[in-house]
1. Report the Rg/Rh value for the chain, based on alpha-carbon coordinates and the Kirkwood definition of Rh.
2. Assign one of three labels to segment 120-228, namely rounded, prolate or oblate, based on the Cα gyration tensor with a ≥ b ≥ c the square roots of its eigenvalues; rounded applies when a/c is under 1.5, prolate when it is not and a/b is larger than b/c, and oblate otherwise.
3. Based on Cβ point charges of +1 for Lys and Arg and -1 for Asp and Glu, what charge dipole magnitude is obtained for the chain about its Cα centre, in debye rounded to the nearest 20?
4. Please work out how much length the chain gains when fully extended from ALA319 to TYR256, using 0.36 nm per residue of separation minus the C-alpha to C-alpha distance, in nm with one decimal.
5. How much FRET efficiency would the formula 1/(1 + (r/R0)^6) give for GLU405 and LEU282, where r is the Cβ-Cβ distance and R0 is 45 Å, rounded to 0.05?
6. Whose amide H sits under 5 Å from the amide H of ASP37, counting only residues 5 or more places off or on another chain, with H placed in the peptide plane?
7. Across segment 438-451, in residue order, what do the Karplus-derived ³J(HN,Hα) couplings come to in whole Hz, using 6.51 cos²θ - 1.76 cosθ + 1.60 with θ = phi - 60° and x for Gly and Pro?
8. Compute for segment 180-234: radius of gyration divided by Kirkwood radius, i.e. Rg/Rh, restricted to C-alpha atoms, rounded to two decimals.
Amino acid sequence: MNELVECVPNFSEGRNLSVVRAIAAEISSDRSIRLLDQEMNADHNRCVITFVGEAEAVVEAALRGVRKATELIDLRRHRGEHPRMGATDVLPFVPIGATKLERCVELARSAGERIGSELRIPVYLYEAAATRPSRQNLADVRRGEYEGLAREIGTNPDRAPDFGPAAIHAGAGAIAVGARMPLLAFNVNLGTKDVEVAKRIAKAIRFQTGGLRYVKALGFVLQERGIVQISMNLVNTWGTPIQRVFALIQDEADRYGVPIVGSEVVGLVVQDALVDVAEHYLKIENFSRDQILENRLARRIGATEQSVAEFLEEVASAAPTPGGGSVSALAGALASALSAMVARLTIGKQKYAEHEASMREAEGKAVLLQRELLDLVQEDARAYEAFRSASRLSQRTPEEVLLRERSLVEAARNATSVPLSTAEASVRALEVALQVASFGNQNAVSDAGVAAWLARSGVEGAALNVRINLNDLPAAEREEFASRVERSLAQAKELHASCVAQVDRRMRVA
């Protein structure tokens with residue numbers, strides 16, 4: 001990617017998983033866009049979606065997300081701890097790699113102009129994209145939230161939007177669009193129910209009220225956990241490192257006799273920011289970033305090798321994703337890639353002229369299957385994360401309990417559908433493997449055999465992931481899923497046996 005840009009929109013929905021998934025699906029409908037992270041918080045009633053891609057593609061993805069949020073979120077019925085003024089509350093563009101902040105300013109203003117004209121939502125530019133100093137700080141832009149802005153937008157010249165109508169959008173409110181450097185969303189939880197303690201500590205640490213530079217902080221109640229939280233944006237972790245912020249919070253909490261019971265990172269974090277914390281608290285002497293294994297590897301190996309190494313590291317980590325479902329899909333994708341290779345080693349060879357059409361057909365099928373199964377690698381991980389998000393939804397009221405139950409069923413259905421798709425696609429990969437094993441270049445027949453074993457593994461592994469989710473589905477759906485996966489297993493067994501037999505026969509002849 002030549003002009004890499006990250007976008008981190010915050011949407012005013014943290015309790016309805018189906019809404020969040022619909023927005024994320026719109027954003028990632030362009031396959032050039034990489035969805036990196038998705039966080040939901042029921043108390044804040046807010047979600048954060050992080051994605052990355054080429055500059056212009058990111059703008060289009062952001063607009064799709066804003067459009068979908070406008071359809072599905074109504075600010076008139078929204079309640080949550082976090083301040084908000086819009087269905088899509090903030091839309092920041094962040095430079096990555098060699099991309100300049102000035103470029104992200106251009107993107108923010110372009111996106112803001114289109115949101116204002118196409119969706120008729122008032123747009124306020126903030127941070128580096130701000131058109132006036134008073135709008136650089138997001139808190140000043142969002143002052144009064146949706147309700148306050150609705151009263152002032154048409155009468156107070158200071159609240160006139162940069163783009164769009166000088167009237168609040170009834171359902172979608174308004175939106176802040178900006179450009180900024182990477183920041184860290186960092187929260188610290190306190191073991192008390194007294195929200196005034198959290199608010200006083202937040203006031204002590206935030207720059208706007210005399211605290212630490214580059215720190216924005218608010219105090220909230222986490223009703224579901226019976227504790228309070230200091231929610232922060234650390235906009236420059238080099239200027240004010242995490243450990244300095246944490247230490248000041250610890251000192252202030254001690255003053256009030258309140259313990260820190262935990263902290264959390266929302267979204268993604270720059271590696272160096274965490275290394276700084278380790279270096280500080282461990283008192284490491286003469287430490288160099290070059291001593292970090294991953295940093296050394298990143299310079300020594302190519303991008304393709306690095307991506308494989310990173311995937312293996314993620315699989316080996318303590319995180320539940322990517323897991324067996326993603327690995328099964330990868331096995332099917334590798335099988336398809338091998339079949340495509342065998343077909344291409346056959347096409348154009350005089351010896352195999354009679355099978356030219358068959359091999360071209362096999363090549364086309366294999367390439368499509370490779371793409372489909374590679375997409376399923378990521379889709380499987382997202383399906384599992386969606387199920388985990390549904391299980392964490394609030395249960396404070398009967399309505400929320402019902403919503404959680406529905407979201408769990410929907411998430412379980414998706415978590416079962418994805419590996420079933422992997423199993424069925426891997427069966428088709430076996431069909432292609434049999435085709436190239438039967439008529440492909442004899443010198444590459446062993447590769448066709450490897451493709452068969454990989455594709456069979458893809459089916460068997462995906463079937464395990466279907467079966468483990470069946471009990472979370474309604475009985476009628478359970479029977480249909482079970483029937484389809486058993487059919488895939490039977491087909492795979494037969495195709496695999498035929499393929500192995502063909503490989504053995506042709507290897508003996510050779």
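The values are calculated or read from the model by the stated rules, or taken from the named source; none is laboratory data. None of the values given here were measured: they were computed from a predicted structure. Positions of Cβ are backbone-derived with ideal geometry, glycine not excepted, and every protein chain shown enters the neighbour counts. What goes into the accessible areas is simple: the full protein's heavy atoms, side chains included, and nothing from ligands, DNA or RNA. Shrake-Rupley method; radii C 1.70, N 1.55, O 1.52, S 1.80 Å.
1. Using Cα coordinates only, the ratio equals 1.04.
2. Values: a/c = 2.35, a/b = 1.65, b/c = 1.42.
It is prolate, given that a/c is not under 1.5 and a/b is the larger ratio.
3. 320 debye
4. On the way: separation 63, 0.36 × 63 = 22.68 nm, distance 3.55 nm.
Computed gain between ALA319 and TYR256 is 19.1 nm.
5. Working from the Cβ atoms, E equals 0.50.
6. THR50
7. 7, 10, x, 3, 5, 5, 10, 5, 5, 5, 5, x, 4, 4
8. 1.01
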